[in-house]
Amino acid sequence: MTVLNKKTIEDIEVSGKRVLVRCDFNVPILDGVIQDDRRIAESIPTIKYLVGHGARVILCSHLGRPKDGFEAKYSMAPVAEKLAELMGLNVRLCKDVVGDDAKSVTSALKNGEIALLENVRFHEEETKNDPAFAQKLADLADIYVNDAFGTAHRAHASTAGVANYLPAVCGYLIEREISIMGGALTSPKRPLVAVLGGAKVSDKIGVIKNLMTMVDTIIIGGGMAYTFYAAKGYGVGTSICEDDKIPLAKETMEAAEKSGLEMLLPLDNVVADRFAPDAASQVVPSNAIPAGWMGVDIGPATVALFCKAIANAGTVIWNGPMGVIEMPAFAKGTAALAHAMAESKAITIVGGGDLASAVDAFGLADKITHISTGGGATLEFLEGLELPGIACLNNK
């Protein structure tokens, strides 16, 4: 993959230079308190390298979805405070993004000092990738570094547009994401097993089609399995099912069979009489879901089947939960697979989003080879699509 040939911060002289770093500091905040600082911590290796090599570091990120200019609840102030705490260094927060304060603070930086711009999405020009706004951002710096993999699939001013005006390289986080995931797809330790869950076939069909050309086994679980059941002619009760995607699911299964690809679907399911944490539930075979009941998790026979495939794998890529993980009673299948991943000797990669948070909550994050920081970006990468925030970076 060409993305592996992008220049990194180690390929460019940064000493004494003003370096604009796009980070992904879009962290959950409640009453001004950061609930999960993982994304901030992920950015630290890149920032430490730049500080240690005498750069004048200017950080920028979005936070939430502000609608109309400045909104206090979306200010980067808590991020600046948390980053300073984690690094043990002063982090100056600019009062604006490209205004007088940003210009004043960033121009006064000395080598090894850090400033953080206010939320770039306080400007609507950010998401529109407005060239004039991108130019103003670029005017603050001498070099651009993108280290926000989670937003690399967005062609915004701070993720792509600014690269039109500055030398542009990637930081350690993006380098690690594309190296590990790219390596798993292009030169994997085999067998290569893909585990795909989540609610909708429509969200994952591009990924399924791309991975089918690369993997040895593909496992389908989560809500989208019910569309595949329907394609087999099974009743799915009130389970989530995309009727318009049934022909696509059937076509996918036929293509897998024709190519000799092993495609595993759940053998049994936990079904509930309603969508609620305290719903009545039972385990039923996949071809015997009762009318009026909905699938909410994979069953024990399926757990054994899927875990065996993981145990025998050389590389496992997993994206999307197996059940309704926000309800503890229906998160058991996802937890079982997470433990299988943690115990496996394979190279294990977990896609971002809710699944990454769940694996962390299970206390297994440090036993997984790589947990992606991207949600949509990870999906698009696995689909084989070009990510604008990476494509814009300078080639080696």
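Report the charge-dipole magnitude of the chain in Debye, nearest 20, computed about the Cα centre from +1 at each Lys and Arg Cβ and -1 at each Asp and Glu Cβ. List each step's numbers first, then the result.
Values: 37 positive and 47 negative charges, 145 e Å.
Once rounded to the nearest 20, the dipole reads 700 debye.
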> Which whole number in µm²/s is D for segment 89-241 by Stokes-Einstein, with the Kirkwood Rh taken over Cα pairs at 20 °C and 1.002 mPa s?
Replying inline: 112 µm²/s
> So what J values fall out for segment 105-110 if you push phi through Karplus, 6.51 cos²θ - 1.76 cosθ + 1.60 with θ = phi - 60°, rounded to Hz, Gly and Pro as x?
Replying inline: 5, 5, 6, 8, 4, 9
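Counting every Cα pair in segment 264-396, what percent are over 19 Å apart? Display every interim value, and only then the final one.
Details: 4863 of 8778 pairs.
Pairs farther apart than 19 Å: 55 percent.
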> Along the charge dipole of the chain, which of Gly376, Val14, Leu140 sits closest to the positive end, that is, farthest toward it, with unit charges on the beta carbon of Lys, Arg, Asp and Glu (+1, +1, -1, -1)?
Replying inline: Val14
>> Looking only at segment 1-130, where both bridge partners belong to it, what percent of the DSSP beta bridges are antiparallel (to the nearest 5)?
In response: 15 percent
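Pairs of Cα atoms under 8 Å, at least six residues apart: use those to get the relative contact order of segment 206-277, whole percent. The partial results should precede the final answer.
Numbers: 59 pairs, mean separation 27.1, N = 72.
Taking the mean separation of contacting Cα pairs over the length of segment 206-277, I get 38 percent.
Quote the charge dipole size of segment 91-191 about the Cα centre in Debye, to the nearest 20; the model charges only the Cβ of Lys and Arg (+1) and of Asp and Glu (-1). Don't jump to the answer; show the numbers that get you there.
On the way: 11 positive and 14 negative charges, 102 e Å.
Rounded to the nearest 20 debye, it is 480 debye.
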> Measuring from centroid to centroid over Cα atoms, what is the spacing of segment 318-339 and segment 248-285 in Å?
Replying inline: 14 Å
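Calculate the dipole size of segment 1-151 relative to its Cα centre from +1 charges on Lys and Arg beta carbons and -1 charges on Asp and Glu beta carbons; express the result in debye to the nearest 20. Intermediate results must be reported in sequence, preceding the final value.
Working: 20 positive and 24 negative charges, 45 e Å.
Roughly 220 debye, rounded to the nearest 20.
Give me D for segment 206-300 in µm² s⁻¹, whole number, from Stokes-Einstein with Rh from the Kirkwood sum over alpha-carbon pairs, 4 °C and 1.567 mPa s.
Rounded, D is 94 µm²/s.
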> To the nearest 500 deg cm²/dmol, what mean residue ellipticity at 222 nm is calculated for the chain from DSSP H runs of n ≥ 4 alone, each contributing -39,500 (n - 2.57), summed and divided by the residues?
Replying inline: -10000 deg cm²/dmol
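Would you mind telling me the antiparallel percentage of the DSSP bridges in the chain, rounded to 5? Could the numbers behind the result be given before it?
Numbers: 12 of 49 bridges.
Close to 25 percent.
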> If you take the square roots of the eigenvalues of the alpha-carbon gyration tensor of segment 248-325 and sort them as a ≥ b ≥ c, do you get rounded (a/c under 1.5), prolate (a/b over b/c) or oblate?
Replying inline: prolate
> In whole Å, what is the distance between the alpha-carbon centres of segment 125-202 and segment 345-371?
Replying inline: 20 Å
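Keeping all protein chains in place, calculate the accessible area per residue for the chain (probe 1.4 angstrom), answer in Å².
On the way: 16350 Å² over 396 residues.
I get 41 Å² per residue for this part.
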> Which of rounded, prolate, oblate describes segment 1-138, given a ≥ b ≥ c as roots of the alpha-carbon gyration tensor eigenvalues and a/c under 1.5 marking rounded, otherwise prolate only if a/b is larger than b/c?
Replying inline: rounded
> Rg and Dmax of the chain, using alpha carbons, in Å: what are they?
Replying inline: 22.6, 69
> Please identify the trypsin sites (Lys or Arg not before Pro) of segment 263-347 that satisfy two criteria: DSSP loop assignment and at most 16 other Cβ atoms within 10 Å. Which are they?
Replying inline: Arg274, Lys345
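Rounded to the nearest percent, how much of the accessible area of the chain (1.4 Å probe, protein heavy atoms only) is carbon and sulfur? Please report the intermediate quantities before stating the final value.
Details: 8020 of 16350 Å².
Of all accessible area on the chain, carbon and sulfur atoms account for 49 percent.
Starting from the exponent 0.38 and prefactor 2.2 Å, build the expected Rg for segment 81-165 from its residue count and divide its actual Cα Rg by it.
On the way: Rg = 13.0 Å, N = 85, 2.2 N^0.38 = 11.9 Å.
Expressed relative to 2.2 N^0.38 Å, the Cα Rg reads 1.09.
The values are calculated or read from the model by the stated rules, or taken from the named source; none is laboratory data. Quick caveat: nothing in here was measured; it's all calculated off a predicted structure. Here the Cβ is made from the backbone with ideal geometry for all residues, glycine too, and neighbour counts use every protein chain on show. Calculation scope for accessible area: heavy atoms of the full protein, side chains included, ligands and nucleic acids excluded. Shrake-Rupley method; radii C 1.70, N 1.55, O 1.52, S 1.80 Å.
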